[in-house]
Amino acid sequence: MKIAIVNYGMGNLGSVRRAFEDIGAEVCVANHPAAIYDANRIVLPGVGAFTEGMKCLANAGWAPALHEVVIQQGKPLLGICLGMQMLATTGHEGGETKGLGFIPGRVQRLDVIGCKLRIPHVGWNDVNYLKDDVLFDGIPDHSDFYFVHSYAFVPENQEHLIANTSYDCDVAATIRNGNVFGCQFHPEKSSKAGRLLLKNFMDYVPC
Amino acid sequence: MLKIRVIPTLLWKDFGLVKGVSFDSWRRVGPVLPAIRVYNSRDVDELILADIAASLEGNPPDHDSVSDFSEECAVPFTVGGGITNLEQIVALLHAGADKVAINTTAYSNPNLIETAANRFGAQCVVVSIDAKRYADGRYSCYSHAATIDTAKMPVEWAKEMAARGAGEILLTSIDRDGTMLGYDLELVEQVANAVDIPVIASGGAGSYDHMIEVVKNAGASAVAAASIFHFTEQTPTGAKNAMQAAGIPVRRNFVSSAAK
């Protein structure tokens, strides 16, 4: 099972690559869009700002390639943190920026959606399931995962919301639209719980 | 609910881990890699690695070593020491660091904090502040591994760094560092009250009670400690048990529900 990690210039690539190697995946760091076509799974990692991230994706021609492989061919994609946020329709970070649009929704700063605590939201927080999902097989409800972000995904359609976390207000922790998954937390940095989640993603077979 | 983090700090100089007292009289305490392995196997919340000699000696970050270290680290890994430009941050992130801690260069080139936060996101940029208390009770920030007095006040400096996009403040009391006499509560409280970003208290932890008081009384979002974990029988898990008993939310070790 080969997994391509999209290297658009902004991720904590080293950590993501190692986490997948750890669970026995064959990992390819995709430095250009052509490299994702022969992978079975795609990961869109992310550390950084929405506008900058979308600019990097646009410049190198990632967006059409991702659309073809993920939306048309139906290969499973996991977006992590900024990678999850860029799945949205729009981002609201220094003006409005168009996202990939794979899961309808918008990305807004935590204080805009009602959080009055310290921003960024940094650290381990419990993830609360709203529905069962293959990603959480073997992971008990309310397990802690590592978060580090200032913006949050607000899905347009509640059906796409798999799990929340609470940081003064409800924050989308995991979203899914068919074969497209997104985690606001960092599974690659969430120790054993995170490794299990990544393994579940690798083992998931789209119907 | 967000948990209070317990973060072992690894002070790294030349080829090994060191311990000092108030940033002085460093002595070797062992190699880095086995320490990271042990902390990782004990499922700690996060790790901070600080190359304490880099800025002092003008060396760039050693990303090859960081790459070896991060290989063993499945939890968030912050790397600091000697960072002067964006390219080094890119190299560290590729090497497996999740966050970078910037101290000395923040004073000479505060723009680096802004450009790094814009490029990599605020959450990736930890500003490390080493502060010393004067006899009159005022505090001052020191650069170059606590050798140069910058004449900046920690509260003002932390505010400026937060405004420039820092995601966290790693606040170390130079006076308390390595003494195990307890955190400088006044220092932590002043800074934690002044900024809206998380403040990691560092320097002086000698008992679990010290950790509890800096969280409850001074508002720290995380506690960093080195000596207590290296030189006493106290452990990060023990710290979290004590903190939980004191009513502080902490992360419990993960147990899978799958018996498949």
Rg(Cα)/(2.2 N^0.38 Å) for the protein assembly as shown, N = residue count | 0.93
Neighbouring Cβ atoms within 10 Å as the yardstick, rank A:E156, B:E233 fewest first.
-> B:E233, A:E156
State which entries of B:K19/B:K240; A:K199/B:K240; B:K132/B:K216; A:K199/B:K99 exceed 26 angstrom in Cα-Cα distance in the structure shown.
-> A:K199/B:K240
Any aspartates and glutamates with Cα under 15 Å of the B:K152 Cα? List them, leaving off those in the same chain fewer than 8 positions away.
-> B:D130, B:E160
Give, in nm to one decimal, the length gained when the segment between B:T237 and B:V29 is fully stretched (0.36 nm per residue of separation minus the Cα-Cα distance).
-> 72.7 nm
Set of aspartates and glutamates with alpha-carbon distance to B:K3 below 15 Å, sequence-local pairs under 8 removed = A:D126, A:D144, A:D168, B:D43, B:D45, B:E46
What is the antiparallel percent of DSSP beta bridges lying wholly in the stretch B:5-245, to the nearest 5?
-> 30
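Report for the protein assembly as shown the percent antiparallel among DSSP-assigned beta bridges with both residues inside it, nearest 5. Before the final figure, lay out the partial values.
Values: 40 of 87 bridges.
That works out to approximately 45 percent antiparallel.
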Ranked highest first by the average count of other Cβ atoms within 10 Å around their residues, in what order do B:81-89, B:125-133 fall?
-> B:125-133, B:81-89
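Taking each residue in A:15-27, count the Cβ atoms of any other chain within 10 Å of its Cβ, then average. What number comes out? Write out the running numbers ahead of the final one.
Values: counts 12, 1, 2, 7, 1, 0, 1, 2, 0, 0, 0, 0, 0.
Neighbouring Cβ atoms belonging to other protein chains average 2 per residue here.
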Partners for A:K2 among aspartates and glutamates (Cα-Cα distance below 18 Å; same-chain residues under 8 apart left out) | A:E21, A:D22, A:E26, A:D38, A:E68, A:E188, A:D203
Quick one: if the Förster radius is 35 Å, what FRET efficiency do A:M1 and A:H142 give, using the C-beta to C-beta distance and rounding to 0.05?
-> 0.75
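How well do other chains shield peptide B:69-76, expressed as the mean number of their Cβ atoms within 10 Å of each residue Cβ? Mind dumping the intermediate values first?
Values: counts 0, 4, 4, 1, 4, 11, 9, 12.
Averaged over the peptide's residues, the number is 6.
Per 0.36 nm of contour for each residue apart, how much would the distance between A:N59 and A:T90 grow if the chain were fully extended, relative to their Cα-Cα spacing?
Numbers: separation 31, 0.36 × 31 = 11.16 nm, distance 1.77 nm.
Stretched out fully, the A:N59 to A:T90 stretch lengthens by 9.4 nm.
Mind pulling the per residue volume of the convex hull built on the Cα atoms of chain B? Å³ is fine. Provide the component values of the computation, followed by the final result.
On the way: hull volume 34.4 nm³, N = 260.
Hull volume normalised by residue count: 132 Å³.
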Estimated FRET transfer efficiency (B:T179, A:N157; beta-carbon r; R0 51 Å; 0.05) = 0.40
What per residue convex hull volume, in Å³, comes out for chain A when only alpha-carbon positions are used?
-> 103
Footprinting exposure proxy for A:W62, A:W124 (fewest neighbouring C-beta atoms within 10 Å first) = A:W62, A:W124
For the stretch A:151-207 and the stretch B:90-125, what is the separation of their Cα centres, given in Å?
-> 27
Modelled label-to-label distance, A:E26 and A:D203, 7 Å Cα→beta-carbon offset: nm?
-> 2.1
On a C-alpha basis, how far is the centre of the stretch B:1-49 from the centre of the stretch A:5-37 in Å? Whole number, if you could?
-> 28
Taking the alpha carbon gyration tensor of the stretch B:48-199, what are the square roots of 5 times its eigenvalues, largest first, to the nearest whole Å?
-> 25, 17, 15
In percent, how large is the relative contact order of chain A, given Cα pairs closer than 8 Å and 6 or more residues apart?
-> 20
Per-residue average of other protein chain Cβ atoms inside 10 Å, peptide A:46-53 -> 4
As a percent rounded to 5, the proportion of antiparallel DSSP bridges among beta bridges in the stretch A:2-203 is 60
In range of the label at A:K98: residues from the stretch A:70-90 whose backbone nitrogen is under 15 Å from the point 7 Å along Cα→Cβ | A:87-90
Got a sec? How would A:M54, A:M202 order by Cβ neighbour count within 10 Å, fewest to most?
-> A:M202, A:M54
Modelled label reach - B:E156, point 7 Å along Cα→Cβ, the stretch B:98-141 residues with backbone N closer than 13 Å = B:139-141
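Stokes-Einstein diffusion coefficient for the stretch B:122-260 at 25 °C in a medium of 0.890 mPa s, Rh from the Kirkwood formula over Cα pairs: what value in µm²/s? Each step should come with its number before you reach the end.
Numbers: Rh = 15.7 Å.
Rounded, D is 156 µm²/s.
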Sorting B:A101, B:T237, B:F23 by the position of each Cα along the dipole of the stretch B:5-245 (Lys, Arg +1; Asp, Glu -1; all at Cβ), the one nearest the positive end of that ordering is B:T237
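All of the numbers you see were taken from the coordinates with simple rules; none came from a lab. Only a predicted model underlies this, so the values are computations on that prediction, with no experimental measurement involved. Positions of Cβ are generated from backbone atoms using ideal geometry, with glycine treated the same way; all protein chains shown enter the neighbour counts.
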